[in-house]
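Input: a single structure, listed below in structure tokens.
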Amino acid sequence: MGSSLPEAGKARLERSCEPERDWVRLGTGADGIERMEAFFRGYAYDPHRHDTYAFGLTLSGVQSFDYRGARRDSLGGQAIVLHPDELHNGRSGIESGFRYRMLYVEPRLIRQATGEGGRTLPFVSTAVSQDPRLVAAIAGALRDLDRPLDPLAVDDLMERLAQALLALDPKAGSARSSRLDATALERARDYLDAHATEAVDSGRLEGVTGLDRFALARQFRAAFGTSPYNYLVMRRLDRARRMLVQNMSLADAAFACGFADQSHFTRHFRRAYGVTPGRWRSLQRQIRA
């Protein structure tokens with residue numbers, strides 16, 4: 001018996017039977033906050049590091065990654081916490097793929113929200129967690145990616161996240177690090193933000209902050225979770241990503257953002273995000289298609 005399905009209907013049915021393609025969707029964010037959702041069937045990301053906290057929620061499938069010397073597997077409904085500057089990768093743990101959402105938060109926001117100015121940043125070594133308080137805080141922050149985050153909502157989200165982290169890392173609330181010069185560190189961060197496309201040397205930062213380069217490096221990492229140099233590179237990459245979304249060529253984006261050349265740009269991009277700039281841009285196009 002012949003099919004009674006119209007040609008257009010058959011085409012839609014055939015497409016529905018095809019494996020879902022990898023995609024990435026960026027959500028709304030706020031100052032110091034990025035949100036995204038993605039789907040991958042197999043390989044996702046090469047080993048890379050963020051200069052932010054990365055909070056995740058696995059929506060379906062099995063999200064697998066290597067972190068701090070061990071394989072981690074996150075199932076649907078479980079939370080992920082990755083500390084700044086910790087090496088990790090990403091892939092699907094099952095053939096059908098995994099879907100997840102991520103929240104990237106600058107360490108300064110977490111430190112401010114803990115109310116423990118000058119103490120160490122919270123650290124959760126387990127990476128994958130079912131802790132109800134942490135899962136609820138991350139799920140709340142990722143509930144509606146398209147709705148703008150107003151300032152009061154951001155404050156509430158950061159407070160919930162910070163308190164959940166402190167509950168899982170009692171040392172962060174009790175162990176004091178060496179005293180931090182908050183004013184000098186903010187000057188350093190503001191200067192790096194304003195001069196991200198330039199070659200900034202330690203002498204310039206010493207002049208801006210009044211701290212010697214080694215004290216600045218130690219305090220900067222304690223306050224922001226990464227080194228001044230890596231912070232500068234990440235600000236360049238932030239600008240480059242915005243330019244790539246606007247279809248600027250890789251070479252032009254590299255030049256505009258202060259990288260020596262396209263290969264230099266690609267190397268840093270892959271180290272930070274686990275994919276090349278070209279693949280990152282193609283993943284954005286997949287979801288918009």
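The values are calculated or read from the model by the stated rules, or taken from the named source; none is laboratory data. Nothing here was measured: the structure is a model prediction, and the numbers come from that model. We place every Cβ from the backbone using ideal geometry, glycine too, and count neighbours over all the protein chains shown. Please note that ligands, DNA and RNA were not included when accessible areas were found on the heavy atoms of the full protein model with its side chains. Shrake-Rupley method; radii C 1.70, N 1.55, O 1.52, S 1.80 Å.
Could you check how much of the accessible area of segment 134-289 is carbon and sulfur, as a whole percent, using a 1.4 Å probe? Carbon-and-sulfur percentage of accessible area, whole number: 52. Once the Cβ-Cβ distance between His195 and Ala136 is put in as r, and R0 is 30 Å, what FRET efficiency do you end up with, to the nearest 0.05? Result of the calculation: an efficiency of 0.15.
Distant-in-sequence amide contacts of His88, defined by a placed amide H-H separation under 5 Å and a gap of 5 or more residues or a different chain, comprise His48. Between Ala217 and Thr276, the FRET efficiency from the beta-carbon distance, with R0 = 25 Å, is close to 0.25.
In segment 233-288, Rg over Rh equals 0.93, where Rg is the alpha-carbon radius of gyration and Rh the Kirkwood radius from pairwise Cα distances. Ala167 sits among other residues whose Cβ lies under 10 Å from its own Cβ, and their net charge, with Lys and Arg +1 and Asp and Glu -1, is -1. Taking max minus min of the alpha-carbon positions on each principal axis, the chain gives extents of 84, 46, 38 Å, largest first.
Under 5 Å between amide hydrogens, built in the peptide plane, is the criterion, and for Thr52 it picks out Asp85 among residues at least 5 positions away or on other chains. Computed 3J(HN,Hα) for segment 62-67, one whole-Hz value per residue from the Karplus formula 6.51 cos²θ - 1.76 cosθ + 1.60 where θ = phi - 60°, is 10, 9, 10, 7, 9, 7, glycine and proline marked x.
Taking Cβ atoms as reference points and 9 Å as the exclusive limit, the residues near Pro277 contribute a net charge of +4, counting Lys and Arg as +1 and Asp and Glu as -1.
Looking at the chain as a GNM with Cα springs under 10 Å, which of Gln219, Gln130, Gln163 has the largest mean-square fluctuation? Residue with maximal mean-square fluctuation among Gln219, Gln130, Gln163: Gln130.
Keeping every protein chain present and rolling a 1.4 Å probe, give me the accessible area per residue for the chain in Å².
Details: 14280 Å² over 289 residues.
Result: 49 Å² of accessible area for each residue.
Label separation (Thr183 vs Tyr229): 3.0 nm, computed from points 7 Å beyond Cα along the C-beta direction. The Rg/Rh ratio for segment 82-202 is 1.00, where Rg is the radius of gyration of the alpha carbons and Rh is the Kirkwood radius.
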